[in-house]
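K.L.:
Structure provided below as structure tokens; questions to follow.
The values are calculated or read from the model by the stated rules, or taken from the named source; none is laboratory data. Quick caveat, the model's predicted, so the values are computed rather than measured. Note: ideal-geometry Cβ built from the backbone for every residue, glycine included; neighbour counts use all protein chains shown. Ligands, DNA and RNA are excluded from the accessible area calculation, which covers all protein heavy atoms including side chains. Shrake-Rupley method; radii C 1.70, N 1.55, O 1.52, S 1.80 Å.
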Amino acid sequence: MTDYYFTENPNVEHDEKHWHYTLLGHELNFVSDNGVFSKNTVDFGTRTLLEALPLDVPQSSILDVGCGYGPMGIALAKQFPEARVEMTDVNKRALALAERNAEANGVAARTRVYHSDAYEAVAKTDFATVVSNPPVRAGKTVVNAIITGAKEHLTKGGQLIIVLQKKQGAPSAKKLMAETFGNVTVLKKNKGYYILRSEHE
């Protein structure tokens with residue numbers, strides 16, 4: 001399992017890719033590598049989540065849990081120039097790429113990229129928004145921890161937004177979000193992907 005993207009140090013040879021992608025209307029530059037999730041392009045789930053973001057998304061501070069090489073957190077930092085964005089992952093290769101990508105896209109000064117297993121190293125407890133495209137291959141326990149742990153890291157009125165495929169547990173995640181937060185909304189469904197939102201009331 002050491003070559004999986006959700007491990008700390010994927011045991012695979014480097015093969016860096018450099019490419020461009022437009023997210024939220026911003027043309028972004030990315031470098032990716034073997035051993036990270038969706039290394040050849042921004043994955044459909046991340047794109048669908050970003051497209052589904054409400055116009056009134058709470059944006060003063062944003063946490064991207066399981067950021068990979070950083071497409072979601074970087075796109076949000078570009079879209080919301082007043083926001084402070086933190087990005088976490090367990091994969092150290094992905095984190096190094098996320099730092100490089102934040103620098104390349106001019107948002108390094110407003111972002112913090114650091115190692116954390118779910119919320120283990122997350123000190124801040126008043127994020128306005130937590131977003132995640134959870135590593136479903138890491139197992140349901142990890143996905144559930146990302147959902148339930150969000151509540152204690154959100155300010156009142158803050159929100160958790162996640163993307164999951166129906167076949168990979170979106171219905172059970174929706175139920176867990178309702179149990180954890182007392183509310184859940186399906187922002188969008190597209191090709192089996194669910195964008196789920198809960199508010200910390």
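K.L.:
If only one of 172, 198 is part of a helix (DSSP H, G or I) and over 16 Å from residue 71 (Cα atoms), which one is it? Please lay out each step first, then the result.
P.N.:
Values: 198 fails: part of a helix (DSSP H, G or I).
Going through 172, 198 in turn, the sole match is 172.
K.L.:
Looking only at region 168-194, count every residue that is charged (D, E, K, R) and either surrounded by 13 or more Cβ atoms within 10 Å (Cβ to Cβ) or closer than 20 Å to residue 158 by Cβ (or both) and tell me the total. Steps first, please.
P.N.:
Here is the first cut: in region 168-194, the ones charged (D, E, K, R) are 174-175, 179, 188-189, 191.
Cutting the leftovers down to either surrounded by 13 or more Cβ atoms within 10 Å (Cβ to Cβ) or closer than 20 Å to residue 158 by Cβ (or both) gives us 174, 179, 188-189.
Final tally of qualifying residues: 4.
K.L.:
Please specify each residue of region 91-113 satisfying the condition of being open to solvent by 10 Å² or more (accessible area, probe 1.4 Å) and within 13 Å of the chain's Cα centre (by Cα).
P.N.:
Of everything in region 91-113, those that are open to solvent by 10 Å² or more (accessible area, probe 1.4 Å) and within 13 Å of the chain's Cα centre (by Cα) turn out to be 95, 113.
K.L.:
Please verify whether region 17-33 includes one or more residues that are of a type in the set (Lys, Arg) and either modelled with pLDDT of 90 or more or more than 16 Å from the chain's Cα centre (by Cα) (or both). Let's see the steps before the verdict.
P.N.:
Narrowing region 17-33 to residues of a type in the set (Lys, Arg): 17.
This time we only want the ones that are either modelled with pLDDT of 90 or more or more than 16 Å from the chain's Cα centre (by Cα) (or both), so: 17.
Checked region 17-33: at least one residue is of a type in the set (Lys, Arg) and either modelled with pLDDT of 90 or more or more than 16 Å from the chain's Cα centre (by Cα) (or both).
Matching residues to (1) at pLDDT 95 or above; (2) of a type in the set (Phe, Trp, Tyr):
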site: 86; (1), (2): yes, no
site: 97; (1), (2): yes, no
site: 101; (1), (2): yes, no
site: 108; (1), (2): yes, no
site: 113; (1), (2): yes, no
site: 116; (1), (2): yes, no
site: 119; (1), (2): yes, yes
site: 136; (1), (2): no, no
site: 147; (1), (2): yes, no
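K.L.:
Residues in region 128-154 that are in contact (Cβ under 8 Å) with a residue 60 or more places away in the chain and either in a helix (DSSP H, G or I) or of a type in the set (Ser, Thr, Tyr) (or both): how many? Even if it seems obvious, please write down each step before you answer.
P.N.:
So the first thing to find is which residues in region 128-154 are in contact (Cβ under 8 Å) with a residue 60 or more places away in the chain, and the list is 128-135, 137-138, 142, 146, 150, 153.
Pick out the ones that are also either in a helix (DSSP H, G or I) or of a type in the set (Ser, Thr, Tyr) (or both) and you get 129, 132, 137-138, 142, 146, 150, 153.
Qualifying residue count for the region: 8.
K.L.:
Could you tell me which numbered condition residue 48 fails, if it satisfies all but one of (1) open to solvent by 10 Å² or more (accessible area, probe 1.4 Å); (2) among the polar types (S, T, N, Q); (3) touching a residue at least 12 places away in the same chain (Cβ under 8 Å)?
P.N.:
(1)
K.L.:
Separate question: Being within 10 Å of residue 58 (Cβ to Cβ), open to solvent by 10 Å² or more (accessible area, probe 1.4 Å) and among the polar types (S, T, N, Q) is the filter here; which residues of region 146-161 pass it?
P.N.:
Within region 146-161, just 155 meets the criteria.
K.L.:
Right, something else. Among the residues of region 72-127, which ones are touching a residue at least 60 places away in the same chain (Cβ under 8 Å), more than 21 Å from residue 9 (Cα to Cα) and not polar (S, T, N, Q)?
P.N.:
72, 104, 124, 126, 127
K.L.:
Okay, moving on. Determine which single condition residue 77 fails, assuming it passes every other condition in (1) crowded, with 20+ Cβ neighbours inside 10 Å; (2) assigned to a strand (DSSP E or B).
P.N.:
The number of the failed condition is (2).
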